[in-house]
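Some notes on the structure that comes next.
The values are calculated or read from the model by the stated rules, or taken from the named source; none is laboratory data. This structure is a prediction, so every number in the text was calculated from the model and none was measured. Accessible surface areas use protein heavy atoms only, side chains included; no ligands, DNA or RNA. Shrake-Rupley method; radii C 1.70, N 1.55, O 1.52, S 1.80 Å.
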Amino acid sequence: MGPVPRRGPFETYARTALSRLHGPPRTTAPGQEEAEEAAALEAEVQAAVALYAAHAASSAPKLLRFGALRAVLAPVVERFLLLDRLLYVREVRGRVVAVVVVVVVVVVVVVVVVVVVTLGERRQSPAA
């Protein structure tokens, strides 16, 4: 689908976003159904633009405060995420080390058993 352009008038953004929401355009020849869909999409775009125009001026201070708060808290949230990832890596590495130790112990036990069995067979076999 790709990104929706954020620059330019809100109407362009709304038209692009809503057309993508309703799915890809049909490849068949335009008919009555496609014309109705296009009219419904245009009505939805106009409703979104009207809603944006009605609330844009009154919401601007709130959006500015939200943007400032987001900018201030972003490094803190990022640090928490990085700390969480670090703890996860340490935990997984601890599990991996434990698994490697178990595998090494099993391999050593198997090698010892094979050596003991081989030596036992050599002792029991008559010398030629």
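Some observations on this one:
- Residue match in the range 44-63 (condition: farther than 30 Å from ARG15 by Cα, open to solvent by 70 Å² or more (accessible area, probe 1.4 Å) and among the hydroxyl-bearing types (Ser, Thr, Tyr)): no
- TYR88 falls short on exactly one of the conditions (1) of a type in the set (Ser, Thr, Tyr); (2) open to solvent by less than 100 Å² (accessible area, probe 1.4 Å); (3) at pLDDT 85 or above, and that condition is (2).
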